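Worksheet for the structure shown next.
The values are calculated or read from the model by the stated rules, or taken from the named source; none is laboratory data. Because the structure is a prediction, the values reported are computed rather than measured. Cβ placement follows ideal geometry from the backbone for every residue including glycine, while neighbour counts extend to all protein chains displayed. The protein model used for the area step is the full one, side chains on, heavy atoms only, and it has no ligands, DNA or RNA in it. Shrake-Rupley method; radii C 1.70, N 1.55, O 1.52, S 1.80 Å.
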Amino acid sequence: MYGGKRSLKDLPQELKPREKLLQRGVEGLTEEELLAIILGSGTKYMDVLSLSRELLKMGWKELSKLSVEGLKERFKGIGDAKACQIKALIELSKRINDPYEGIYINTPEDAYKFLREKMDDRKEHLVALYLSPANKLIEYHVIAIGRMNALHAEPKEVLYHAINSACHGIIIAHNHPKGELKPSREDLAFTRRLKDACQLMGFELHDHLILNSKGFISLRREGFM
């Protein structure tokens, strides 16, 4: 009968996702089957494979945008428990693939430790660190690369990544390849403009560091912010 509802119990033993995994290994399963194993059961309206199929039709990116309530509204029969399973799975996958797992920037020293190996002493670089409310590093971006002692950037270039990352705080840093650890008038003017833009957009500018091969200074610690 076309369109008839089929339970997992009706499937041959070798086609059940868990049994397939045990026999063939995890690499032999489709996304639908992997999701079915994680969910464990379906709803009163569809079995777990059918539910997995419907979820995957939306795609992971769109699923990640839905709240628990949004999942319950979008997929008939999903309750709090199943919606929480889906949200937890998506969040766990993000954390597994997080290149900055366990990195927290609580002090200027933490920022310098993270950045010192990433700066190229041949040219001036402006970089930005984007932090969570708990100061966990969310993203790191090179904002601009200049010549030996000159670099131009606009606050909007820093804020573009802040908006996309949904961060809470920002730390910017730039290097003086051949210069001393002293902010120029241009450095201070850019910091003031960026701080004003951050306040307007709801972000917190934590600090601006200047680095060279010998060390760094924090503009906040030095009283420039």
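Condition test on Ala150, is it of a type in the set (Gly, Ala, Ser), more than 22 Å from Tyr104 (Cβ to Cβ), open to solvent by 10 Å² or more (accessible area, probe 1.4 Å) and modelled with pLDDT of 95 or more? When the stated conditions are applied, Ala150 does not pass them.
Only one of the listed residues (Lys123, Lys113) is assigned to a loop (DSSP other than H, G, I, E, B) and either among the aromatic types (Phe, Trp, Tyr) or farther than 23 Å from Arg193 by Cα (or both). That residue is Lys123. Checked against (1) under 30 Å from Ser41 (Cβ atoms); (2) of a type in the set (Val, Ile, Thr); (3) touching a His at 6+ places or on another chain (Cβ under 9 Å), Val158 passes all but a single condition, namely (1).
Let's see how each residue does on (1) among the polar types (S, T, N, Q); (2) in contact with an Asp or Glu (Cβ under 6 Å, 6 or more places away or on another chain); (3) open to solvent by 50 Å² or more (accessible area, probe 1.4 Å); (4) free of Cβ contacts under 8 Å to residues at least 60 places away in the same chain:
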position: Ile172; (1), (2), (3), (4): no, no, no, yes
position: Pro177; (1), (2), (3), (4): no, yes, no, yes
position: Arg185; (1), (2), (3), (4): no, no, yes, yes
position: Leu188; (1), (2), (3), (4): no, no, no, yes
position: Cys198; (1), (2), (3), (4): no, no, no, yes
position: Glu204; (1), (2), (3), (4): no, no, yes, yes
position: Asp207; (1), (2), (3), (4): no, no, no, no
position: Leu219; (1), (2), (3), (4): no, no, no, yes
position: Met225; (1), (2), (3), (4): no, no, no, yes
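The set of residues from the range 195-225 being aliphatic (A, V, I, L, M) and touching a strand residue (DSSP E or B) at 6+ places or on another chain (Cβ under 6 Å) comprises Leu205, Leu209, Ile210, Leu211, Ile217, Leu219.
Total residues in the range 128-157 satisfying the condition of being among the β-branched types (Val, Ile, Thr) and within 23 Å of Arg95 (Cα to Cα): the figure is 2. Please verify whether Asn135 is at pLDDT below 95 and either crowded, with 18+ Cβ neighbours inside 10 Å or of a type in the set (S, T, N, Q) (or both), treating the condition exactly as stated. Judged against the criteria, Asn135 is not a match. Filtering the range 162-201 to residues that are outside any helix (DSSP H, G or I), more than 17 Å from Arg221 (Cα to Cα) and basic (Lys, Arg) leaves only Lys178.
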